[in-house]
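Below you'll find the structure, written out as structure tokens, and then a few comments.
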Amino acid sequence: MTLSGTDSGGLAPHVSERFAMRHRNAGYKLGRNTSHRRALLRNLVTSILLEDRVVTTVTKAKAARPHVEKLITLGKRGDVHARRQALAYLLTDDAVKRLFETVAPRYGDRQGGYLRIVRTGFQKGDGAEKAFIELLGAEKLLDEKRSKRAEARQKRREEMEKAMAEQTPAEGESEK
Amino acid sequence: MPNPKRRHSKARTSKRRAHDALSATGLSECPNCHERKLPHRVCAKCGHYKGREVLETKEA
């Protein structure tokens, strides 16, 4: 199994297609050279496995999807060799651990299609279409994560308002 | 140097441009907040898509 940049990776080609040329199988180049693209995708895939959801452009999401799917397949195999293969692609040990212990077991009876790409809008600046890519079955975790983040934000805001309220009268006195 | 032989009339210009009209964006209605939204995309107003998925709650 290869996880290189532009390979579109048909897994088991149909017999009649076995010797077909790879016309129209170019994949995504993302305007980068091979090493840059490979690094970008490894980063993106690692993040997806660690965070369950990543906001990116539609094209990058589509480019990353097959790589994540192949890694989840490795995760389902679960043996030492599969683990080493995943380790060779992912950037952190934590991501490999999460893949094998948390992510892959979710998809026991599912044969691919582990990810969802949802278009969300357009980027300011270059107008690129944005999307998030998320692992199926992570919705609950993501909702919890979001509510926790909202709570933290609320707390921080209250503290800031308090600090500002304390500061303003003091500044008023110093001006006098 | 080659040069235009005749004046280019307004009629000629507007006839050329007769087919240049922009078409309206196909919009669908958000089933949650009934705002017009782009199809197959998260609603920008309420952050809903396919029933669930409250993504960004932009209004606090």
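The values are calculated or read from the model by the stated rules, or taken from the named source; none is laboratory data. Every value quoted in this text rests on a predicted model; they were computed, and no experiment measured them. Backbone-built Cβ (ideal geometry, glycine too); neighbour counts: all protein chains shown.
Just a few scattered comments:
- The set of residues in segment B:29-46 being under 13 Å from A:ARG119 (Cβ atoms) and more than 18 Å from the chain's Cα centre (by Cα) is empty.
- Residue match in segment B:43-50 (condition: within 14 Å of chain A (Cβ to nearest Cβ), small (Gly, Ala, Ser), under 30 Å from A:ARG53 (Cα atoms) and in a loop (DSSP other than H, G, I, E, B)): yes
- Subset of segment A:95-121 [of a type in the set (A, V, I, L, M, F, W, C) and under 23 Å from B:HIS48 (Cβ atoms)]: A:LEU115, A:ILE117, A:VAL118
- Qualifying residues in segment A:122-176 (those that are basic (Lys, Arg), at pLDDT 85 or above and surrounded by 10 or more Cβ atoms within 10 Å (Cβ to Cβ)) - the one nearest to B:GLY47 (Cα to Cα): A:LYS130
- Restricting attention to segment A:128-149, the residues being not in a helix (DSSP H, G or I) and not aliphatic (A, V, I, L, M) number 5.
- Unmet criterion (only one of (1) free of Cβ contacts under 8 Å to residues at least 40 places away in the same chain; (2) surrounded by 19 or more Cβ atoms within 10 Å (Cβ to Cβ)) for A:GLU101: (2)
- If the condition is being assigned to a loop (DSSP other than H, G, I, E, B) and either within 14 Å of chain B (Cβ to nearest Cβ) or touching a Cys at 6+ places or on another chain (Cβ under 8 Å) (or both), then segment A:98-127 contributes A:GLN123, A:LYS124, A:GLY127.
- Conditions (1) surrounded by 11 or more Cβ atoms within 10 Å (Cβ to Cβ); (2) at pLDDT 90 or above; (3) within 14 Å of chain A (Cβ to nearest Cβ): number failed by B:ARG12: (3)
- Subset of segment A:128-152 (residues that are within 14 Å of chain B (Cβ to nearest Cβ) and charged (D, E, K, R)): A:GLU129, A:LYS130, A:GLU134, A:GLU139, A:LYS140, A:ASP143, A:GLU144, A:LYS145, A:ARG146, A:ARG149, A:GLU151
- Residue count for segment A:27-64, restricted to those that are in a helix (DSSP H, G or I) and out of contact with any helix residue (DSSP H, G or I) (no Cβ under 9 Å at 6 or more places or on another chain): 9.
- Flag for B:HIS40 being of a type outside the set (A, V, I, L, M, F, W, C), surrounded by fewer than 12 Cβ atoms within 10 Å (Cβ to Cβ) and within 11 Å of chain A (Cβ to nearest Cβ): yes
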